[in-house]
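Throughout, read-outs are computed from the coordinates displayed, never taken from laboratory work. Remember, it's a predicted structure, so these values are computed and weren't measured experimentally. Cβ placement follows ideal geometry from the backbone for every residue including glycine, while neighbour counts extend to all protein chains displayed.
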Amino acid sequence: MDFRTEFKPLTVQPQQIEGKSFEMITEELGPHPFTDEQYPIVQRVIHASADFELGRSMLFHPDAIQAGIKAIRSGKQVVADVQMVQVGTNKQRIEKHGGEIKVYISDPDVMEEAKRLNTTRAIISMRKAIKEADGGIFAIGNAPTALLELIRLVKEGEAKPGLVIGLPVGFVSAAESKEELAKLDIPFITNIGRKGGSTVTVAALNAISILADQV
């Protein structure tokens, strides 16, 4: 294929592009503290963001990977804080085990309650989600208030997630919410600092679902 540019791509084959990208990531990342279980998640986070600093900042509860695999294989529900996470996730790998990906932030009752209480829809969406997703995966990439509310609900014994992927991006409460998540004794995947976002949350969730799909 001629792109009519001086630069010529190494390949235009999708699988070769991904494979070459992973080789480059491994080479450039070099020595790292991640286990063989954790590294595929870190690798895909870097692949999605081209950000090695973000990759190196990842934190894992020791049981995070196995808890995520178990939740998916058991058909547990996956809750995303925003539609971007839902859209980017490979739904087939979730649904083949009986699960589904749900987002509550735009539900009419959530919007109405948030307005009544003068609070964020993200907070109210977590209160609704825990009633329907016991033992499921919560994937939060956009709203620190959703993560902080989920943490509160866990501390008060109202929520029992199987895994929390908490990677919200931003300046207000993002880093702090992840610090609080890392203090919990529940399975989590998070990172240090302001960086994160829906794209890397999707990458982490998809990496878990790939592992769950392997025999």
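Taking each of 76/183; 70/115; 70/183; 20/70 in turn, the alpha-carbon distance tops 32 angstrom for 70/115.
If packing is taken as the mean number of other Cβ atoms within 10 Å per residue, what is the order of 97-107, 189-199, highest first? Intermediate values should be presented prior to the final figure.
Numbers: 97-107: 17.7, 189-199: 21.6.
Descending mean neighbour count gives 189-199, 97-107.
Segment residue 70..residue 158, full-extension length gain: 29.6 nm, with 0.36 nm per residue of separation and the alpha-carbon distance subtracted.
Taking packing as the residue-averaged number of other Cβ atoms within 10 angstrom, the listed peptides 203-212, 64-73, 113-122 run from highest to lowest as 203-212, 64-73, 113-122. Considering only 79, 202, 110, the mean-square fluctuation computed in a Gaussian network model of the chain, springs between alpha carbons under 10 angstrom, is largest for 110.
If Lys and Arg each add +1 and Asp and Glu each add -1, what is the summed charge of the other residues whose beta carbon sits under 14 Å from the beta carbon of residue 175? Don't skip to the end; give the middle numbers.
Numbers: positive: 178, 183, 194, 195; negative: 53, 176, 179, 180.
Summing Lys and Arg as +1 and Asp and Glu as -1 gives 0.
Proximity of backbone amide H atoms, modeled 1.01 Å from N, is registered between residue 139 and 79, 80, 81, 165 at under 5 Å, excluding neighbours fewer than 5 places apart on the same chain. Computed from phi, the 3J(HN,Hα) profile of segment 164-179 under the Karplus parametrisation 6.51, -1.76, 1.60 (θ = phi - 60°) reads 10, 9, x, 10, x, 9, x, 9, 9, 6, 5, 4, 5, 5, 6, 4 Hz, with x in place of Gly and Pro. Converting phi to 3J(HN,Hα) with the Karplus coefficients 6.51, -1.76 and 1.60 and the offset θ = phi - 60°, segment 32-40 yields 8, x, 7, 6, 4, 6, 7, 4, x Hz in sequence order, with x at every glycine or proline.
Think of each Lys and Arg Cβ as +1 and each Asp and Glu Cβ as -1; about the Cα centre, that makes the dipole of the chain roughly 380 debye.
In a shell of Cβ-Cβ distance under 13 Å around residue 66, excluding residue 66 itself, what net charge do Lys and Arg (+1) and Asp and Glu (-1) give? Intermediate values should be presented prior to the final figure.
Values: positive: 70, 73; negative: 36, 37, 63.
Surrounding charge for residue 66 is -1.
Measuring how big the chain is from its alpha-carbon positions, Rg and Dmax come out at 17.8, 60 Å.
Taking the C-alpha atoms only, the angle from helix 198-213 to the longest principal axis of the chain is near 80 degrees.
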